[in-house]
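Shown next, in structure tokens, is the structure this report addresses.
Taken together, the values in this text are just the output of simple stated rules run on the coordinates, not laboratory data. None of the values given here were measured: they were computed from a predicted structure. Here the Cβ positions follow ideal geometry from the backbone for every residue, glycine too, while neighbour counts run over all protein chains shown.
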Amino acid sequence: MDNTQFYFIETFGCQMNVHDSEKIAGMLRDLGYVETKDKNNADIIVFNTCCIRETAESKIMAKIGDLKALKARNKNLITVICGCMTQQRGMAELLKKRFPFLSIVIGTHNLDRLEEYIVSYKKQKKFQNIVWDKEQEITENQKIYRDSTNHAFVNIMYGCNNFCSYCIVPYVRGRERSRSVDEIVKEVKSLAQQNRYSEIVLLGQNVNSYGQDFKDGVTNFVYLLDKLCKIQGDFKISFMSSHPKDFSSELVDFIASHQKMSRAIHLPVQSGSSRILKLMNRRYTAEAYKSLVDDMYAKISGLSLTTDIIVGFPGETEDDFLQTCDLVKYCKFSSIFGFVYSKRNGTPAAKFENQVPYKVKKDRITRLFALEHQLQKEELLSMVGKTFDCIAEINDKGFLVAKTENHKSIKIVNGNKSICGEKCKVKVKALDEKELLGEVLK
Ligand code: SF4
């Protein structure tokens, strides 16, 4: 008889959660579970949740409700809810009341101990509410199951000290705690030795403040990058997310002078209006952001900038929004992650007056995306006829593509998949709708 036990994980939210799910997968594999993509076959189901927007939370609640039918069919099914949503005060009790069939509710601070909680649930068969108020311990030597072949996520720090007025993260992820330089170097070295990853992505809510909690006057983000760039291997280093207020000119110079550093940088601006930035508690002005971007373009060749923008923040006028559009044109972003402001209970902005009507927010986000589309088209058209140094890889749709240094994807029309993972020179021949088409040069 086949006794294989299957796990199913659904991840909501950001890269930090995606990487947490890789750790969850590592723990479940250690317990002998095998992955299934079909939750109907699963013996354990984990929802790794997000609470950045209330809409995300409602969607997750509906999905948890759907688990009731699966639990009715399989009495031994273990259901686990974890992540930022569960870390909110009172949430575990609320979930248990609303969904009595749940097995384990665990917060962000002790997620690394999920394995032991599952073992204990299996013995006791009793609901476990394990949400710690105490901040997450940094656990080293975790079993991480990475199924990406191109990039590997590495946490360098946890938590955030910034308290942007719209954001719940500092309340559910705690204050900034950095991993030691030695541990990070050890992890990146072992990833480099596997020779599988073309990119190592360093993760933190604000990587630019890495090491500040050590208060040793030496350790900072550039210090860490310097150590990582010395590791042998053919890979690029990128990072997310960055806070513009902490993006130093030392960091700009470092990226400019180190080929191992990726030229694709995500620098969330959130708004182009200094007045709104102040209300958001971002602690930089639109002018300061633009001058940082000027410095980056002047020094970092092949720079590709992406950003996050929130439209319809409380009090945002049409003029504020037009300032955002001007900043978008000025900064020539390759891509924008645009969001409509949504009230998040527990944050200061949720109590602000002058909430912007939904119709106005919807109109602004539509105009922002139209602008992004126009700018992207101009940028891609400017690449036609040029040749780029790339790495060949297979994209999500199974096509052979070439990735440029600044993360542009070119569909290869004359190569075969045997070149996957290799460096190649690709000439862009045409732009088909949003897709660049290119040929590998012999
Ligand atoms: S920097 Fe601001 S937006 Fe980013 S996680 Fe911290 S509080 Fe949230």
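The GluC sites (Glu not before Pro) found in region 339-442 that occupy coil by DSSP, while having at most 14 further C-beta atoms within 10 Å, are Glu353, Glu422, Glu433.
For the chain, the relative contact order works out to 9 percent when only alpha carbon pairs closer than 8 Å and six or more residues apart are counted. Residues in region 367-401, backbone N under 17 Å from the label point at Leu441 (7 Å along the Cα-to-beta-carbon vector): list them, ranges by number please. Taking a point 7 Å out along Cα→Cβ of Leu441, the residues of region 367-401 whose backbone N falls under 17 Å are 383-392. The chain: D in µm²/s via Stokes-Einstein (Kirkwood Rh, Cα pairs, 4 °C, 1.567 mPa s)? The estimated diffusion coefficient comes to 55 µm²/s.
List Ser103, Ser418, Ser271 from most exposed to least, where exposure is judged by having the fewest other Cβ atoms within 10 Å. Can you show the working numbers first?
Numbers: Ser103 22, Ser418 9, Ser271 25.
Listed from fewest to most nearby Cβ atoms, that is Ser418, Ser103, Ser271.
For Lys377, the aspartates and glutamates whose Cα falls under 16 Å of its own Cα, not counting residues fewer than eight places away in the same chain, are Asp432, Glu433, Glu435. Karplus-derived 3J(HN,Hα) values for region 219-228, using 6.51 cos²θ - 1.76 cosθ + 1.60 with θ = phi - 60°, are 6, 8, 5, 5, 4, 5, 4, 4, 5, 5 Hz; glycine and proline are entered as x. Based on Cα contacts under 8 Å between residues 6+ apart, region 203-312 shows a relative contact order of 26 percent. Using only the Cα atoms of region 75-211, build the gyration tensor, take square roots of its eigenvalues as a ≥ b ≥ c, and label the shape rounded, prolate or oblate: rounded if a/c is under 1.5, else prolate if a/b is larger than b/c, else oblate. Since a/c reaches 1.5 but b/c is at least a/b, the shape of region 75-211 is classed as oblate. The residue list Ile45, Ser238, Ile391 was ranked by how far each Cα lies along the charge dipole of the chain toward its positive end, using unit charges on Cβ atoms, and Ile45 comes out on top.
Grab the beta carbon distance between Phe127 and Asn3, set R0 = 25 Å, and tell me the FRET efficiency rounded to 0.05.
On the way: r = 25 Å, r/R0 = 1.01.
Rounded to the nearest 0.05, the efficiency is 0.50.
Can you give the % of DSSP beta bridges in the chain that are antiparallel, to the nearest 5? Don't skip to the end; give the middle numbers.
On the way: 21 of 63 bridges.
In the chain, approximately 35 percent of DSSP beta bridges are antiparallel ones.
Amide H to amide H under 5 Å from Gln128: which residues, 5+ apart in sequence or cross-chain, H placed 1.01 Å off N in plane? Long-range HN contacts for Gln128: Ile104, Val105. For Gly421, the amide hydrogen comes within under 5 Å of the amide hydrogens of Ala392, Glu393, counting only partners 5 or more places away or on other chains and with H modelled in the peptide plane.
If you take the C-alpha gyration tensor of region 146-262, multiply each eigenvalue by 5 and take the square root, what semi-axes do you get, largest first, in whole Å? Don't jump to the answer; show the numbers that get you there.
On the way: eigenvalues 111, 54, 36 Å².
They are 24, 16, 13 Å, listed from largest to smallest.
Pull up the cross-link candidates among the aspartates and glutamates for Lys332, meaning alpha carbon to alpha carbon under 12 Å and not fewer than 8 places away within one chain. Result set, ordered by chain and number: Asp294, Glu372, Glu378, Glu379.
For trypsin sites (Lys or Arg not before Pro), the sites in region 152-184 that DSSP calls loop and that have at most 15 other Cβ atoms within 10 Å are Arg175.
Its Cα centre serving as origin, region 272-429 has a Cβ charge dipole (Lys and Arg +1, Asp and Glu -1) of approximately 400 debye. The Cα center of region 64-87 and the Cα center of region 138-216 differ in position by 29 Å. Projecting the Cα atoms of Asn162, Ile300, Ile104 onto the charge dipole of the chain (Cβ charges, centred on the Cα centre) puts Ile104 farthest toward the positive pole.
Across region 149-154, computed HN-Hα scalar couplings (Karplus, 6.51 cos²θ - 1.76 cosθ + 1.60, θ = phi - 60°) run 9, 9, 10, 10, 7, 9 Hz from first to last residue, x flagging Gly and Pro. In order along region 187-194, the phi-based Karplus estimate (6.51 cos²θ - 1.76 cosθ + 1.60, θ = phi - 60°) of 3J(HN,Hα) comes to 5, 5, 4, 5, 5, 5, 5, 6 Hz; Gly and Pro are listed as x.
For the pair region 253-310 and region 324-367, the centres of their Cα atoms are 18 angstrom apart.
If we sort 204-211, 234-241 on the protection proxy, mean other Cβ atoms within 10 Å, highest first, what's the order?
On the way: 204-211: 22.5, 234-241: 19.4.
Highest to lowest by the protection proxy: 204-211, 234-241.
Pull out a ≥ b ≥ c, the square roots of the eigenvalues of the alpha-carbon gyration tensor of region 6-130, then state rounded if a/c is under 1.5, prolate if not and a/b is larger than b/c, and oblate in the remaining case. Judged from the Cα gyration tensor, region 6-130 comes out rounded (a/c under 1.5). Does region 312-442 come out rounded, prolate or oblate, given a ≥ b ≥ c as the square roots of the eigenvalues of its C-alpha gyration tensor, rounded meaning a/c under 1.5 and, failing that, prolate meaning a/b above b/c? In terms of gyration-tensor shape, prolate.
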